[in-house]
Amino acid sequence: MARAAAVVGTGQTRYANRRDDVNIPELAREAASRAIEDAGIDPRDIEAVVIGSGPEVFEGVNRPDLWVGSALGQAGRPVTRIQTGGTSGAGATIAAFYHVASGLHDVVLAVSYEKLSDGIPSYSFSTLSDPFWDRGFSSGAAPLVGLQSCQYLARHAPKVREDHGAMVAVKNRKNAMRNPYAQLQMEITVDDVMNSSPVASPIKALDCCPLSDGAAALVIAEERRAKKMASRPAWFAGLGACSESPYAPNIDMAYPESCVRAAQLAYQMAWIYDPVRELDVAEIFEAFSFQELIWTEALGLCNPGEGGRMVESGVTAMEGEFPINPSGGVLSANPIGASGMIRQIEAAMQVMGKAGAHQLPGVRKSLAHSWGGVVQFSTVTIFAGEL
Amino acid sequence: MIEKAKESPGGGPVDEVDGELHISYRQPYGEHYGRFYREMCDNKRIMGVKCSKCGAVLLPPRPYCGFCYEPADQWVELADEGTLKTFTTVYEPCVGEPAVQPYICAFIMLDGAGVHFPHLLGEVDPDDVEVGMRVKAIWAEDRKGTLRDIKYFRPI
């Protein structure tokens, strides 16, 4: 049986299009130091370090853990690096949780980062996929999600429309105005999104996340230490991770099985039967606006085809019955390898009551989701304020 | 692998350096790709392999079914026409892109296949494309044993 463990401290950097004042280890250390300070511990209390970051080609540094680890106090401690694309950061948190839940370590630091401005992200995207198969048709992230979004809209038309995606973009950029770390803080309209330049149909410029530099970190502790370190720790109540193949028979990008199953695993572990009633808020990985609708359905927060209604009726707004991405989400900042951990940090902060200007009242349970690859990798983490 | 780092000239502190990576790879096709591309090149045929357990015809061809973890060793010829599963019209340039913008990327379910086939659509206005429409492969004259042995798919 796994030991109880909780997030006791979190740290984020400001997310920016270009951080030219720091190199990669300095960027990662900035977030790590803030998490250690937030937990109110001495760096020497950390027993193990887990690092998450995206494909090495993003920054052109192979085995970055050799370079970054020493900035995070890895000396004399075990270090692990996780790389599963967009789920890298969330995967690092999950690996750090395993360290503590297993009983092997009491206090563990998880750090994730991406410094996309150091390289040319579209070069990196062009090296993904099977080199003998679809790499020749690789056109970057937006066309891939364009294919996913088109399939989703075609299935649920006219119930879900293109402007439902625009509503997500408007909502999340507005939420970001209350998040001091967000990169894009914008008051825009549905018309602004609909009239923005086409990228990969149905995706338009304002449906897209930005490219970001940034890092995030959190400290996880076992029960006894967690209760001393934090007045209200964010307990890990449920975890689910699932992967699938992009070349699987009948793969369904509009209702991805990896996401459905990850959610089911997490709900089962957290004893959640009716997620939208039992959870108070969700932070989900919407790199492109339509994905918020797709993941909302796959996470079981509404029925398939109801994603559009969720945003149009205001249910998922900051003031709604079930707020989604009060931080502004990935649409407001996307340091890819860190974005999954940022969702977890934001979900944990809501439970801890430390989300500042975008804090929601009375959050008892929260959900964090992440997405990586085509639809191969999905993670779901559920935090609770009570053990 | 060659890695170069050029330092900025001048007397003050160096703020940034330019780095480059040039890496070449030689990657074996494995058991199945060779036959698949030979059939495309020589015979204008698209071949899949059938999972011995679930019976799905897999693309790209591979000697195992990743879902059943069972061998997939029976070759099956697929039609060079099928149904459009999804598409996107791409307007933004990208490294390694397959065509000049705007172009249409598509996932096509070939008749008889269990997995979609990634390719381009041609001879059609993006506004006229609809999910579910029937499409057919237009083969290249000069074939070299790649997916580009098909120029694109066009609506039937």
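Go through (1) outside any helix (DSSP H, G or I); (2) under 14 Å from A:A338 (Cα atoms) and name the single condition A:I41 misses.
The single condition A:I41 does not satisfy is (2).
I'd like to check something: does the stretch B:18-35 contain any residue that is more than 10 Å from chain A (Cβ to nearest Cβ), of a type outside the set (D, E) and either touching a Cys at 6+ places or on another chain (Cβ under 9 Å) or closer than 22 Å to A:S243 by Cβ (or both)?
No; the residues of the stretch B:18-35 include none that is more than 10 Å from chain A (Cβ to nearest Cβ), of a type outside the set (D, E) and either touching a Cys at 6+ places or on another chain (Cβ under 9 Å) or closer than 22 Å to A:S243 by Cβ (or both).
Search the stretch B:82-121 for residues being of a type in the set (D, E, K, R) and facing chain A (nearest Cβ under 7 Å), and hand back the single one that is farthest from A:I120 (Cα to Cα).
Ranking the qualifying residues of the stretch B:82-121, first place goes to B:K85.
Of the numbered conditions (1) facing chain A (nearest Cβ under 9 Å); (2) surrounded by 14 or more Cβ atoms within 10 Å (Cβ to Cβ); (3) outside any strand (DSSP E or B), B:V124 satisfies every one except a single condition; which is it?
(1)
Taking only the stretch B:19-36 into account, find how many residues are touching a Lys or Arg at 6+ places or on another chain (Cβ under 6 Å) and either at pLDDT below 90 or over 16 Å from B:Q74 (Cα atoms) (or both).
Result for the stretch B:19-36: 1.
Taking the stretch A:344-387 as the search range and keeping residues that are assigned to a helix (DSSP H, G or I) and in contact with a helix residue (DSSP H, G or I) (Cβ under 7 Å, 6 or more places away or on another chain), which one is nearest to A:G85 (Cα to Cα)? Talk me through it step by step, then tell me what you get.
Residues of the stretch A:344-387 assigned to a helix (DSSP H, G or I): A:344-352, A:356-358.
If we keep only those that are in contact with a helix residue (DSSP H, G or I) (Cβ under 7 Å, 6 or more places away or on another chain) as well, we get A:344, A:357-358.
On the way: A:Q344: 16, A:A357: 30, A:H358: 28 Å.
Among those residues, the one meeting the criterion is A:Q344.
Here are some conditions: (1) surrounded by 20 or more Cβ atoms within 10 Å (Cβ to Cβ); (2) more than 14 Å from every other protein chain (Cβ to nearest Cβ); (3) within 21 Å of A:S33 (Cβ to Cβ). A:D213 meets all but one. Which one does it not meet?
Here A:D213 clears every test but (2).
Please enumerate the residues belonging to the stretch A:186-233 that are under 21 Å from A:E346 (Cβ atoms), over 23 Å from the mean Cα position of the chain (by Cα) and polar (S, T, N, Q).
Of everything in the stretch A:186-233, just one residue is under 21 Å from A:E346 (Cβ atoms), over 23 Å from the mean Cα position of the chain (by Cα) and polar (S, T, N, Q), namely A:S231.
Of the residues that make up the stretch B:147-155, is at least one assigned to a loop (DSSP other than H, G, I, E, B) and either touching a Leu at 6+ places or on another chain (Cβ under 7 Å) or surrounded by fewer than 16 Cβ atoms within 10 Å (Cβ to Cβ) (or both)?
no
Among the candidates A:M310, A:M253, which residue alone is in contact with a Cys (Cβ under 9 Å, 6 or more places away or on another chain) and either under 20 Å from A:A154 (Cα atoms) or crowded, with 17+ Cβ neighbours inside 10 Å (or both)?
A:M310
Can you tell me which residues in the stretch A:196-210 are among the aliphatic types (A, V, I, L, M) and more than 8 Å from chain B (Cβ to nearest Cβ)?
Those that are among the aliphatic types (A, V, I, L, M) and more than 8 Å from chain B (Cβ to nearest Cβ): A:A205, A:L206.
Taking the stretch A:173-205 on its own, how many of its residues are β-branched (V, I, T) and either modelled with pLDDT under 95 or crowded, with 22+ Cβ neighbours inside 10 Å (or both)?
Residues that pass the stated criteria total 3.
Filter the stretch A:126-142 down to the residues that are modelled with pLDDT of 85 or more and touching a helix residue (DSSP H, G or I) at 6+ places or on another chain (Cβ under 9 Å), then identify the one that is farthest from the other protein chains (Cβ to nearest Cβ).
A:A141
Filter the stretch A:29-60 for residues that are within 14 Å of another protein chain (Cβ to nearest Cβ) and of a type in the set (D, E); which is surrounded by the fewest Cβ atoms within 10 Å (Cβ to Cβ)?
Only one residue tops the list, namely A:E56.
Restricted to the stretch B:51-74, and to residues that are more than 22 Å from B:K144 (Cα to Cα) and surrounded by 20 or more Cβ atoms within 10 Å (Cβ to Cβ), which residue is modelled with the lowest pLDDT?
Among those that are more than 22 Å from B:K144 (Cα to Cα) and surrounded by 20 or more Cβ atoms within 10 Å (Cβ to Cβ), it is B:C65.
With more than 30 Å from A:V57 (Cβ to Cβ) and loosely packed, with under 14 Cβ neighbours inside 10 Å as the only criterion, which of B:E20, B:E81, B:E77 stands out?
Being more than 30 Å from A:V57 (Cβ to Cβ) and loosely packed, with under 14 Cβ neighbours inside 10 Å holds for just one of B:E20, B:E81, B:E77, which is B:E77.
How about the stretch A:241-312: which helices (runs of 4 or more DSSP H) wholly inside it have at least 3 residues that are within 18 Å of A:F383 (Cβ to Cβ) and of a type in the set (G, A, S)?
Passing ranges, in order: A:257-269.
For (1) β-branched (V, I, T); (2) at pLDDT 95 or above; (3) buried (at least 23 other Cβ atoms within 10 Å of the Cβ), each residue gets a yes or a no:
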| residue | (1), (2), (3) |
| --- | --- |
| A:I336 | yes, yes, yes |
| A:S339 | no, yes, yes |
| A:I345 | yes, yes, yes |
| A:A348 | no, yes, yes |
| A:H369 | no, yes, yes |
| A:V375 | yes, no, yes |
| A:T381 | yes, yes, yes |
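So in the stretch A:66-77, with the set limited to residues that are without any contact (Cβ under 8 Å) to a residue 24 or more places away in the chain and surrounded by fewer than 19 Cβ atoms within 10 Å (Cβ to Cβ), which one is farthest from A:V219 (Cα to Cα)? Walk me through how you get there before you give the answer.
Within the stretch A:66-77, the subset without any contact (Cβ under 8 Å) to a residue 24 or more places away in the chain is A:66, A:69, A:75-76.
Going one step further and asking which of them are surrounded by fewer than 19 Cβ atoms within 10 Å (Cβ to Cβ), we end up with A:66, A:75-76.
Numbers: A:L66: 21, A:A75: 17, A:G76: 18 Å.
Applying the filter and picking the extreme gives A:L66.
Does B:I138 satisfy the criteria of being modelled with pLDDT of 95 or more, outside any loop (DSSP other than H, G, I, E, B) and within 13 Å of chain A (Cβ to nearest Cβ)?
When the stated conditions are applied, B:I138 does not pass them.
Go through the residues of the stretch A:285-297 one by one and say whether even a single one is β-branched (V, I, T) and touching a helix residue (DSSP H, G or I) at 6+ places or on another chain (Cβ under 7 Å).
Yes: one or more hits.
The values are calculated or read from the model by the stated rules, or taken from the named source; none is laboratory data. Being a predicted model, the structure only gives us computed values, none of them experimental. Every residue, glycine among them, receives a Cβ derived from its backbone with ideal geometry; neighbour counts consider all protein chains shown.
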